[in-house]
Amino acid sequence: MLKKMPSLSLFDQTRYRCLFLTAVLLAFAFSVAAWEHHPLLTEPVLETISETESFTPAAAVTLEDFLSAVEGPLAVFLAEEEAWAREHLPWYAPCPEELDFVATGNPDDIRARFFQAIRINPNTKTPLYFSVLSGNDIQGATLLSPEEFTLFPDAAALESFDFVSLLPGGVLNAQDIIATASNEPDYGMDTGLFEDNDTDFGRRYGFGLQPFGNPGLDYGSQAPFHMGFYHESPLVFLFAPFLKRTYPEYRIHLFKRLSEFAFENDHDYWGWRFMGWGLHYLADLSMPYHTTVLPGYSALRMLWINFLDILGISTPVDNALQLVSNRHMAIETYQRIVMERALREGSGCAIFDALNADYDAPAYDDNLPRQVLANASNQLARQMNRTLVKYMPYDFVSNPALELGEIEGLENIVEMVAESHGVQALEELDALLADALELFAHYGRSYIADIISKR
């Protein structure tokens, strides 16, 4: 017999309804990519510290060979890492015991056992390779096709790079290993991990229902691992407590410790590669659209448009969805084009100046990603929103009737800004991006230096 649900007060009904609407809002508003082409960000940071830190070349080793060589101590390490996450990370969903990594001596399933223990997509691909900006002539190179390293069928975003195959034992500069690896978390390792993602592993991994983002989309399903909403108004968290269930800190710490573990066990190649994976999530937290739910919308305005939707007036909510999505895509596209052109033309660029600057790296601790980096990024969100609205083409960022991904001319966004507003507009946009990426330059250096100091 069905039990009658207890009646809710008017406040509780409104709170529940607002929470539901916020969930709908988030399901459609997020563009998960934070910055386009992480190697463009990572390499300049590595260059600034290569003279003072030891970046030794390393011979490429397959993941299976690395795991087999360290299987016994790895089981102990992963148990310790799980204990750390349970103790230190708010809203952490513990890993089910049946997924614990156990040293069995079986090389045939060691990859699968490792992936389930760190709870990434079991289909994640880890070929031996490195990436270079397309157009470089590499003699005798064998190039990988996208399906050999990414889980996503749409490879349009990868056209700016060539992916060069590497044989086991091939020696590679540490900087190339790290920079290449810094893009890999965007190739699908965080997709399908929640119960409602319609995957068998998502139902086993213990993360529960996806807290936000679209669970039906591959890109959407990785949102909670690449976004950290730690500094929203208490009012927002009151009506949307699920926003606290984010996992970038989990990945940042896990891959930092895996990097240190690999170095401790004399496997430099995977020490550098895991470092690159961790740097990806740090860089994501420097993007204001990954640390702020709806840039340009105050907590009260968010609640107001939700209230209007309750009354049946859905246009303000729909408009908010589309505008935030479009603005996110616009600034990412602008960033990619400016940085690629600067590299290809050998011209100056404020963004690269910020990444290349000689900073004194602050001491790293495990609270830094949440309390310092994400907080500073969140503080830039309002300014970023205002600047985009001021200078970007109207239809790109201020017309909610249009979907930016379907508008022709997006690749001409730099020229369109210059023609409408002049060089000053380009300088202001570049300075804004430089401010955000300077955060990654600061704290990425801290992350790197702390790992290297323990080698």
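On the stretch given as segment 50-96, residues that are under 17 Å from ALA117 (Cα atoms), part of a loop (DSSP other than H, G, I, E, B) and either among the polar types (S, T, N, Q) or touching a His at 6+ places or on another chain (Cβ under 8 Å) (or both) total 1. Within segment 344-372, being surrounded by 18 or more Cβ atoms within 10 Å (Cβ to Cβ) and farther than 24 Å from LEU40 by Cβ holds for one residue alone: ARG370. In segment 397-408, the residues that are over 12 Å from SER325 (Cβ atoms) and hydrophobic (A, V, I, L, M, F, W, C) reach residues that are surrounded by fewer than 16 Cβ atoms within 10 Å (Cβ to Cβ) and modelled with pLDDT under 90 with C-beta atoms within less than 9 angstrom, at least six apart or across chains, in these pairs: ALA401/ASN319. Looking at (1) out of contact with any Ser or Thr (no Cβ under 9 Å at 6 or more places or on another chain); (2) assigned to a loop (DSSP other than H, G, I, E, B); (3) at pLDDT 95 or above; (4) among the polar types (S, T, N, Q), which is the one condition that is false for ASN121? Result: ASN121 passes all but (1). Exactly one residue among GLU428, GLU411, GLU415, GLU419 is in a helix (DSSP H, G or I) and at pLDDT below 95, and that residue is GLU411. Every listed requirement among (1) buried (at least 21 other Cβ atoms within 10 Å of the Cβ); (2) not in a loop (DSSP other than H, G, I, E, B) is met by SER286 save one, (2). Among the residues of segment 289-322, the one identified as touching a Leu at 6+ places or on another chain (Cβ under 7 Å), in a loop (DSSP other than H, G, I, E, B) and not hydroxyl-bearing (Ser, Thr, Tyr) is VAL293.
Just one residue in the set ALA157, ALA174, ALA141, ALA117 is of a type outside the set (Ser, Thr, Tyr) and within 18 Å of the chain's Cα centre (by Cα); that residue is ALA157. Note on segment 130-155: among residues that are out of contact with any Lys or Arg (no Cβ under 8 Å at 6 or more places or on another chain), closer than 20 Å to LEU41 by Cβ and of a type in the set (Gly, Ala, Ser), the one that is surrounded by the fewest Cβ atoms within 10 Å (Cβ to Cβ) is SER134.
The values are calculated or read from the model by the stated rules, or taken from the named source; none is laboratory data. Only a predicted model underlies this, so the values are computations on that prediction, with no experimental measurement involved. Methodologically, a virtual Cβ is constructed for each residue, glycine included, from the backbone with ideal geometry; neighbour enumeration extends over all protein chains shown.
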